[in-house]
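Report on the structure given below.
The values are calculated or read from the model by the stated rules, or taken from the named source; none is laboratory data. This is a predicted model, so every value here is computed, not measured. Neighbour counts run over all protein chains shown; Cβ positions are idealised from the backbone, glycine included.
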Ligand code: ADP
């Protein structure tokens, strides 16, 4: 990323640190190669004669290397020196030696001693006019210092540059003064945003809302004439990969105004004050370019609620950055032509000051697409695929990808093309799309993952346990398919469901979903009389669910109608209940899970032959669909609607099974969507991170 200034270079001279380094180096070189202050070159025997004749005013020995001879004034007229002494003297040097010679230290020492004695024979007090000088040259010391300074300066600037721009990809060249500059990427006439609303499929409501923003920018008068105020900020809220960035880009593309794009984390730096300075710089640049749009992706990186939890210690630097952002937003008038757009998937953690009217007055929800939306998104992303087989149907694809976000659909299309290419196919076929969908859900198929037949059997019975338990539970989600093809890092199999779209869950529904999740372990227990680690992921989920049922939703009669939900972190690290209540909660969780497990065991013992039939089919085919199960064990009583054809269901729920404890790819949509926003700060944070991983997988 480079600063906008760099993208639009001014003609003529532009300050550049490289020029500075160049000049420094040149100066050093000049000093290095400046000729030393020397006279005409002679040898020792000639110098000796001069000393014997007492013509020498002084002889300076430099560093045991060479000697300069300065003649007495009167002696210069001597005939023997005619034509040998330069008349004009150097302007720089105050004193130019008349002769110079090089010597070898020990040799000269001996010679001088001999000469001294010889001279003293005639003139006992005579001292040879010899001066010792240990500095190399008049520039020697100065140059050394300069060189050191140069090196230190170079190292400091290198380090600063790394810190300033390294993470973000080099902020505006190697200038150390750029650290406080905004890292926003600018798209304007030179670097156009080519995205338009046509590229954004689905999201009709969101598009209508943001189209108004485009209108604000193009015809502000229309609104201000009537006394209305143009909104300053628009917050796009939604899960990752649903097209928030794309939508903001489309706004810029349609409005044909400059578009500054950056991420919330671009403000964050280890130096105090840098974040705030970057915010100031961003708004300064934006004012110069108004009307324009500033887009801050992942605004929660800076916009998190300030100092709520003193026990955790405030992050002063982040708070300063946020304060600066708030004051800048107050600072620009509604008629300044700057509209701030921001995206987040966690509006719950944002500081309330940021969300109040006058700042981000508008919040636009960008949700996962429904079946129609997915069909449109498929159409958009199928277009760039050049050779498509005729059987590829975006409608069918949309039906098979419930819960997918736009980014995942884009990924499916790309994967399908890659899979087809790997198979050396001429065209991308429907089969490739199917494989791509499986891959996006569960990760790469591990054809050569060595699984012993015994393990394979466990996986099959485990998955069959889930499928059959769900089949006979009234409130369980309808099944889509079951697979025991090993995928990804750790998943050995999975079952995919189509949950109904609902926002409220009754106790019985949650209990049924708990039993279905326990179906895997129960089947292992019933058929093998042994249990395996494969249920780890299931157990984790039901533990979370049962705790939530008791301490969040007040669904336990003994604990009562209480909710200790704390999304704003007000309780800090302190539990709002006593040790005794904690113990009660723990006991009730255990009781609830034990009860559900017993119920599942009873159910599956009753349906043992059905589980066996499904498991055998799975071992044979590896992937089975709802139709196969219907054929084996009869129609499901509770499927009032033909879900697969109907596919109006929004979300997908994939229960990943038999996964080794770590590195789990949890694709399952949380069973309690209301819990997503209401979980405590920390736990909701981790769940969002997991979700992000899923979509990126
Ligand atoms: P977000 O900002 O919500 O995390 P992005 O806007 O970066 O998601 O979306 C990532 C990619 O997913 C886009 O570049 C685009 O290819 C694809 N995508 C997401 N939503 C849509 C959509 N509604 N229509 C077309 N493509 C989409």
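Checking each residue in the stretch 360-378 for being buried (at least 19 other Cβ atoms within 10 Å of the Cβ) and either part of a strand (DSSP E or B) or away from the ligand (no atom under 16 Å from the Cβ) (or both) picks out 360, 364. Exactly one residue out of 594, 602, 628 is in a helix (DSSP H, G or I), modelled with pLDDT of 90 or more and within 30 Å of residue 431 (Cβ to Cβ), and it is 628. Can you tell me which residue is farthest from the ligand (Cβ to nearest atom) among those in the stretch 341-353 that are over 30 Å from residue 396 (Cβ atoms) and touching a strand residue (DSSP E or B) at 6+ places or on another chain (Cβ under 8 Å)? Among those residues, the one meeting the criterion is 351. Scanning the stretch 194-205 for residues being within 9 Å of the ligand (Cβ to nearest atom) and either under 14 Å from residue 381 (Cα atoms) or modelled with pLDDT of 85 or more (or both) gives a total of 5. Counting the residues of the stretch 199-214 that are in contact (Cβ under 8 Å) with a residue 60 or more places away in the chain, part of a helix (DSSP H, G or I) and within 28 Å of the chain's Cα centre (by Cα) gives 3.
Among the numbered conditions (1) part of a helix (DSSP H, G or I); (2) in contact (Cβ under 8 Å) with a residue 24 or more places away in the chain, the only one that residue 395 does not meet is (2). For the stretch 33-50, the count of residues that are modelled with pLDDT under 75, part of a helix (DSSP H, G or I) and under 30 Å from residue 156 (Cβ atoms) is at least one.
Here is a yes/no grid of residues against (1) under 36 Å from the mean Cα position of the chain (by Cα); (2) surrounded by fewer than 16 Cβ atoms within 10 Å (Cβ to Cβ); (3) within 23 Å of residue 517 (Cβ to Cβ):
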{"site": "427", "(1), (2), (3)": "yes, yes, no"}
{"site": "435", "(1), (2), (3)": "yes, no, no"}
{"site": "440", "(1), (2), (3)": "yes, no, yes"}
{"site": "454", "(1), (2), (3)": "no, yes, no"}
{"site": "461", "(1), (2), (3)": "no, no, yes"}
{"site": "480", "(1), (2), (3)": "yes, no, yes"}
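Find the residue count for the stretch 398-431, including only residues that are assigned to a loop (DSSP other than H, G, I, E, B) and either closer than 24 Å to residue 481 by Cα or within 15 Å of the ligand (Cβ to nearest atom) (or both). Counting residues in the stretch 398-431 that are assigned to a loop (DSSP other than H, G, I, E, B) and either closer than 24 Å to residue 481 by Cα or within 15 Å of the ligand (Cβ to nearest atom) (or both) gives 7. With respect to (1) modelled with pLDDT of 85 or more; (2) under 27 Å from the mean Cα position of the chain (by Cα), the lone exception for residue 421 is condition (2). Exactly one residue out of 500, 544, 558, 580 is part of a loop (DSSP other than H, G, I, E, B) and either at pLDDT below 90 or out of contact with any helix residue (DSSP H, G or I) (no Cβ under 7 Å at 6 or more places or on another chain) (or both): that is 500. Against the numbered list (1) within 12 Å of the ligand (Cβ to nearest atom); (2) buried (at least 17 other Cβ atoms within 10 Å of the Cβ), residue 383 comes up short only at (2).
What single numbered condition from (1) away from the ligand (no atom under 16 Å from the Cβ); (2) more than 17 Å from residue 347 (Cα to Cα) fails to hold for residue 233? The number of the failed condition is (2). Here residue 338 passes the criteria (1) within 28 Å of the chain's Cα centre (by Cα); (2) within 12 Å of the ligand (Cβ to nearest atom) except the one numbered (2).
To keep it simple, each residue is scored yes or no on (1) at pLDDT 80 or above; (2) buried (at least 24 other Cβ atoms within 10 Å of the Cβ); (3) away from the ligand (no atom under 15 Å from the Cβ).
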position: 251; (1), (2), (3): yes, yes, no
position: 256; (1), (2), (3): yes, no, yes
position: 260; (1), (2), (3): yes, yes, yes
position: 270; (1), (2), (3): no, no, yes
position: 284; (1), (2), (3): yes, no, yes
position: 287; (1), (2), (3): yes, no, yes
position: 297; (1), (2), (3): yes, no, no
position: 310; (1), (2), (3): no, no, yes
position: 324; (1), (2), (3): yes, no, yes
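Put simply, of 217, 247 the only residue that is within 13 Å of the ligand (Cβ to nearest atom), closer than 24 Å to residue 365 by Cβ and either in contact with a helix residue (DSSP H, G or I) (Cβ under 7 Å, 6 or more places away or on another chain) or touching a residue at least 12 places away in the same chain (Cβ under 8 Å) (or both) is 247.
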